[in-house]
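So the structure is just underneath, and the comments pick up after that.
The values are calculated or read from the model by the stated rules, or taken from the named source; none is laboratory data. Given the structure is predicted, the values throughout are model-derived calculations rather than measurements. Glycine also receives a Cβ, built like all others from the backbone with ideal geometry; neighbour counts cover every protein chain displayed.
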Amino acid sequence: MKKSFFYRGLYYVAGLLLLALGISLNTKSGLGVSPIISVSYSISSIWNLNFGDMTFILYVIFVLVEMCLHTVRSKIYGHRGGPALAHANRINLKLVLVMDVLQLPLSLVFTRFLNLFSNRIPEFQTAYAGSFFGSFAGRTLILLLAVVLTGVGAAMSLNMRIIPNPGDGIVQAIADCAGWKVGFTKNCFDLLNISFTLVISLLFAGRLVGIGLGTVIAVIGVGRVIAVFNHLTQEKMLYLAGMPEICT
C-alpha cells in the first residue's frame, strides 16, 4: 500500500514538472504557445510582467469560474429530486468545492515551477542566433520536444486522479454544466483563449503575440502524445500506483 502511494505521488509530481518544463520550452521557442497559456503569455510579454505570476492569476480565475459552475449545476439538479437527493447533492457539492479550492495551492506550486524553468531556459532565437538552435528548424525541434513533454506530463498527472490542473478542471466543469463532451468543450475553450489573445495582442501590441505555428502544433500534438503515451505505459503505471481498476 505504501509503495503504491509512493509511486502515485512520484508520477504526479514528475508529471507536473514535465508539464511545466514543456510549457516553458514552448514559450522559449518563439513560435507560438499552447492556447491554454496564450492569454497569460501575451499579457506578460506585452507589459513585461512575470509569466508564472500571470499564469497563477489566470488559474485563480479558472478556479473561481469552476466553483460558480459547480454551484449552479448543483442547484439545478438538486431541485429535480426529493429531499434525500437534495441533501446528498449538497454534500457532494461541498466535496467538489473543496477539490476546486485545492487547485489554488497546486497552481501556486506549478507556476513556481514555470518561473524556475523560464528563468533557466533562454530565448532560443536570440540566445542562439547564428546557430542551429536559433534557426527556424532548431526552434521547431525544440517546439516538438516541448509538445512531447507537455503531453507526457499531462498524462502522468491526470492519470493519478489527485488534483486536476485548473486548465483541465475548468474544461470539465464547463462540459458538466453544459452537457457537452469533454473533447468538444476543450476545442471551444482553446478557441476562446486564442480569441482573447488575438484581441489583447492586436489592441495593445499591434501584432500577434504568442499565436503561431506552435499554437497549431500544440492543439493537434499534445492530445496525440497523451493517447500514445497512455497506450504504451498507462496500464503499468496505474498498476504500480495501485489503481489498476481504472484501466479495466
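Couple of notes before you dig in:
- Test: residue in segment 199-211 that is among the β-branched types (Val, Ile, Thr), over 24 Å from ILE43 (Cβ atoms) and at pLDDT 90 or above: no
- The single condition among (1) at pLDDT below 95; (2) over 25 Å from ARG161 (Cβ atoms) that VAL72 does not meet is (2).
- Residue ID - surrounded by the fewest Cβ atoms within 10 Å (Cβ to Cβ), chosen from residues in segment 129-180 that are more than 17 Å from ILE36 (Cα to Cα) and of a type in the set (S, T, N, Q): SER131
Residue-wise test of (1) touching a Phe, Trp or Tyr at 6+ places or on another chain (Cβ under 6 Å); (2) part of a helix (DSSP H, G or I); (3) among the aliphatic types (A, V, I, L, M); (4) surrounded by fewer than 23 Cβ atoms within 10 Å (Cβ to Cβ).
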{"site": "TYR7", "(1), (2), (3), (4)": "no, yes, no, yes"}
{"site": "VAL13", "(1), (2), (3), (4)": "no, yes, yes, yes"}
{"site": "GLY30", "(1), (2), (3), (4)": "no, no, no, yes"}
{"site": "ILE61", "(1), (2), (3), (4)": "no, yes, yes, yes"}
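- Close pairs (7 angstrom Cβ cut-off, 6 or more residues apart or separate chains): closer than 16 Å to ALA218 by Cβ in segment 180-191, hydroxyl-bearing (Ser, Thr, Tyr) and part of a helix (DSSP H, G or I) anywhere: none
- For segment 210-227, a residue qualifies if it is touching a residue at least 12 places away in the same chain (Cβ under 8 Å) and more than 17 Å from ILE142 (Cα to Cα), and the qualifying residues are GLY223, ARG224, ILE226.
- Failed item, numbered, when GLY210 is tested on (1) exposed (fewer than 13 other Cβ atoms within 10 Å of the Cβ); (2) of a type in the set (Gly, Ala, Ser); (3) on the phi > 0 side of the Ramachandran plot: (1)
Rundown of residues vs (1) among the hydroxyl-bearing types (Ser, Thr, Tyr); (2) touching a helix residue (DSSP H, G or I) at 6+ places or on another chain (Cβ under 6 Å); (3) closer than 30 Å to TYR7 by Cβ; (4) in contact (Cβ under 8 Å) with a residue 40 or more places away in the chain, yes/no style:
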site	(1), (2), (3), (4)
PHE117	no, yes, yes, yes
PRO122	no, no, no, yes
THR126	yes, no, no, no
ALA146	no, yes, yes, yes
GLY151	no, yes, yes, yes
LEU158	no, no, yes, yes
ARG161	no, no, yes, yes
PRO166	no, yes, yes, yes
ILE174	no, yes, no, yes
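- Qualifying residues in segment 75-114 (those that are basic (Lys, Arg) and part of a helix (DSSP H, G or I)) - the one modelled with the lowest pLDDT: ARG90
- The set of residues from segment 220-232 being surrounded by fewer than 18 Cβ atoms within 10 Å (Cβ to Cβ) and either of a type outside the set (D, E, K, R) or within 14 Å of the chain's Cα centre (by Cα) (or both) comprises ILE220, GLY223, ALA227, VAL228, HIS231, LEU232.
- Positions within segment 32-48 being buried (at least 21 other Cβ atoms within 10 Å of the Cβ) and not in a helix (DSSP H, G or I), in sequence order: GLY32, VAL33, SER34
- Unique residue being aromatic (Phe, Trp, Tyr), within 16 Å of LEU106 (Cβ to Cβ) and either at pLDDT 95 or above or surrounded by 16 or more Cβ atoms within 10 Å (Cβ to Cβ) (or both) when the list is PHE51, PHE56: PHE56
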